[in-house]
1. Cα centroid distance between the stretch 38-61 and the stretch 184-216, in Å?
2. Can you give me the three principal axis dimensions of the stretch 141-205 from its C-alpha atoms, in Å, biggest first?
3. Enter the mean projected area of the convex hull around the alpha-carbon atoms of the stretch 84-224, in nm², rounded to one decimal.
4. Taking θ = phi - 60°, what integer Hz values does the Karplus form 6.51 cos²θ - 1.76 cosθ + 1.60 yield along the stretch 125-130, in sequence order, with x for Gly and Pro?
5. Trypsin sites (Lys or Arg not before Pro), restricted to the stretch 155-224: which are DSSP loop and have at most 14 other Cβ atoms within 10 Å?
6. If you stretched the chain out fully between ASP57 and THR113, how much longer would it get, using 0.36 nm times the residue separation minus the C-alpha to C-alpha distance?
7. Using the Karplus curve 6.51 cos²θ - 1.76 cosθ + 1.60 with θ = phi - 60°, work out ³J(HN,Hα) for each residue of the stretch 29-37 in order, rounded to whole Hz, and write x for Gly and Pro.
8. Between LYS104 and ASP199, what FRET efficiency comes out of the Förster formula 1/(1 + (r/R0)^6) with R0 = 35 Å and r the beta carbon distance, rounded to 0.05?
Amino acid sequence: MKKQLKQFITILLITTCTLSLIGCGGEDFNPSAYIQAELDLMAKHDLKQYMEVHGVDEAQAEEDYNEVIEGMDISSALFDDPQISEEIAGSYDDWFINVLSKTKYTVLEAQKTEEGYTIEVEIEPLKAFEGLYDTLNTETEAYIEKMLQDIENGAETPSDAEINEAIYSIMLDILNDILQNPTYAEKVVIETRIIKNSDGDYEVDEDSFIKLGENLLDVSGLEE
């Protein structure tokens with residue numbers, strides 16, 4: 001499960017942070033505002049600056065946000081198990097949206113380069129998995145012990161699907177508890193690049209934006 005969860009979080013961050021890579025041309029282009037708008041829409045569901053930067057109305061900004069959230073397909077990325085209920089899958093979707101809302105970042109002033117701009121972003125990586133597995137192991141053992149006692153007392157043996165559902169529910173409760181009092185790792189500075197394409201429009205260098213996204217969360221709690 002640890003390896004699966006680490007792969008899941010990497011996939012989601014990459015998907016999330018490739019939301020909208022095309023900017024706009026012209027001398028009034030503000031690269032720092034552009035990065036701020038992308039991050040705020042993705043992480044905070046804040047439409048205001050995204051609307052200003054992209055020149056779209058609220059309905060279009062909301063549509064763009066919903067498109068990327070739906071495109072993440074969070075529960076499918078995490079669960080390779082068709083027996084997981086829609087309810088628990090939807091709860092993990094809500095959990096990740098909440099995770100994004102807790103991230104901390106500060107977009108700094110852009111520097112002009114020959115190719116476009118570089119923008120440093122200060123990030124305090126969210127420790128969204130702090131103590132997850134120690135707590136999960138303890139609570140899973142308690143669940144199994146109680147299940148065995150119930151069976152001895154005449155209860156029916158739960159199906160594999162019911163056991164999986166219970167364990168995923170336990171893990172979700174732990175993950176949500178972690179977010180109640182979030183902690184953060186030491187601040188890092190990530191350099192994001194914006195370049196001018198052949199059409200004269202500015203666009204974010206995808207690799208640098210992915211690196212930015214990968215640093216929003218501290219995944220050390222998922223290490224073996």
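A short reminder: the numbers here are calculations on the coordinates, not readings from a lab. Model, not experiment: these values are computed from the prediction. Cβ coordinates were reconstructed from backbone atoms using ideal geometry, including for glycine residues, and neighbour counts include every protein chain displayed.
1. 18 Å
2. 73, 30, 15
3. Reported value for the Cα convex hull: 11.9 nm².
4. Along the stretch 125-130, the couplings run x, 6, 8, 7, 10, 4 Hz.
5. Within the stretch 155-224, the qualifying trypsin sites (Lys or Arg not before Pro) (loop, at most 14 other Cβ atoms within 10 Å) are LYS187.
6. Numbers: separation 56, 0.36 × 56 = 20.16 nm, distance 3.13 nm.
This chain segment gains 17.0 nm when fully extended.
7. Here the 3J(HN,Hα) series is 4, 10, x, 5, 5, 5, 5, 4, 5 Hz.
8. Result of the calculation: an efficiency of 0.55.
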